[in-house]
Amino acid sequence: MTTDFAAALRPGPDTIDLTNDFSGRTAVVTGGASGIGNAIAVALASRGARVAIVDVRADGAAAAAAALPTAGEPVHLGLGCDVTDETSVARAVAAVTGAAGRIDVLVNCAGVALLAPAEDLEPGAWATTIDVNLTGTYRVAQAVGRHMLAAGYGRIVNIASQAAHVGIDGHAAYCASKAGVIGLTRVLALEWGGRGVTVNTVSPTVVLTDLGRGAWANEKGLRHQDEIPTGRFATPDEIAAAVLFLAGESSAMVNGADLRVDGGFTIR
């Protein structure tokens with residue numbers, strides 16, 4: 001028996017959609033009430049997605065969802081959810097699927113940064129950082145991923161950090177949690193990529209959100225800014241732009257990758 005190797009090659013799509021059009025898609029953004037998450041939610045909504053903002057602050061989620069751009073439809077959702085609580089996550093995911101019938105895109109952006117020298121870091125700060133940043137990402141990805149796998153389609157983008165790749169003073173728990181997010185993402189990409197669900201990460205440098213400005217508008221921040229080859233920190237919209245690519249149709253062959261939006265900081 002001879003094998004027709006050419007016929008055995010699996011074809012890709014005939015055309016690639018380069019428009020970043022998310023019309024008809026439903027996206028969930030955790031931590032979407034403010035900062036980077038909100039910039040991502042706005043970017044997705046402005047390109048036609050129905051967005052569910054999921055945030056530990058229910059009132060903030062509702063207000064942020066109401067402010068998203070829309071042409072009447074779709075109706076966006078704002079939901080309270082604690083990513084450290086499995087029941088809360090299950091309830092939020094059920095609310096989105098009940099209202100929209102599907103989840104096509106998940107962006108895990110909920111996170112905390114509890115910083116201290118390693119010898120002074122409180123056990124509770126370590127536990128909270130790991131539970132929110134790493135285990136919380138896993139909880140939501142697992143709950144949403146089950147729906148995506150059943151549908152045979154999904155895009156998951158987990159927000160990691162430049163701190164996943166290099167040691168940063170005072171960031172023991174944060175670096176560990178974000179490195180874990182990248183490790184988790186690789187396994188999910190391996191297990192789910194063949195079933196239509198891609199999983200990737202974005203690793204930002206310092207981002208000039210209100211929180212970022214408050215934390216880095218000082219001498220330490222200016223020194224760190226000078227360590228970045230491009231000479232500045234990132235804006236929330238620059239992170240959103242990276243997420244849009246990984247969440248869209250044109251990134252179908254990008255799976256298990258980490259897109260560093262760090263101005264070259266980690267190339268040293």
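Since every read-out is calculated from the coordinates, none of them should be taken as a lab result. Treat the numbers as computed from the prediction; the structure is a model and nothing was measured. Quick reminder, even Gly has a Cβ in these numbers, built from the backbone with ideal geometry, and neighbours come from all protein chains shown.
The angle separating the long axis of helix 236-247 from the principal Cα axis of greatest extent in the chain is about 30 degrees. Put a dot 7 Å past the Cα of Gln142, heading toward its Cβ, do the same for Thr19, and the two dots end up 3.9 nm apart. Reported to the nearest whole Å, the Cα centre-to-centre distance from region 121-145 to region 198-258 is 20. Against the chain, whose longest principal axis comes from its Cα atoms, helix 35-46 is set at around 30 degrees. The Cβ shell under 10 Å around Ser34 holds other residues with a net charge of -1, Lys and Arg each +1, Asp and Glu each -1.
Among Met148, Met253, a tally of other beta-carbon atoms within 10 Å of each Cβ gives an order, fewest to most, of Met253, Met148.
Near Gly170, the amide H atoms lying under 5 Å from its own belong to Ala118; only residues 5 or more places off or on other chains count, and H is placed 1.01 Å from N. Taking a Cβ cut-off of under 15 Å around Pro236, the surrounding Lys, Arg, Asp and Glu residues balance to a net charge of -2, with basic ones at +1 and acidic ones at -1.
Pairing the Cα long axis of helix 172-192 with the longest principal axis of the chain, what angle in degrees results, from 0 to 90 and rounded to the nearest 10? For helix 172-192, the angle is close to 10 degrees. A straight chain from Arg57 to Asp226 at 0.36 nm per residue would run longer than the Cα-Cα distance by 57.4 nm.
Its Cα centre serving as origin, the chain has a Cβ charge dipole (Lys and Arg +1, Asp and Glu -1) of approximately 420 debye. Estimated from helices alone, the mean residue ellipticity of the chain at 222 nm is -12500 deg cm²/dmol (sum of -39500 (n - 2.57) over DSSP H runs with n ≥ 4, per residue). For Rg and Dmax of the Cα atoms in Å, which listed value, [x] 23.7, 78; [y] 23.8, 85; [z] 18.8, 72, comes from the coordinates shown? Given [x] 23.7, 78; [y] 23.8, 85; [z] 18.8, 72, the structure-derived one carries the label [z]. Taking the Cβ of Ala163 as the centre, find all other residues whose Cβ is under 13 Å away and add up their charges (Lys, Arg: +1; Asp, Glu: -1). Its environment carries a net charge of -1.
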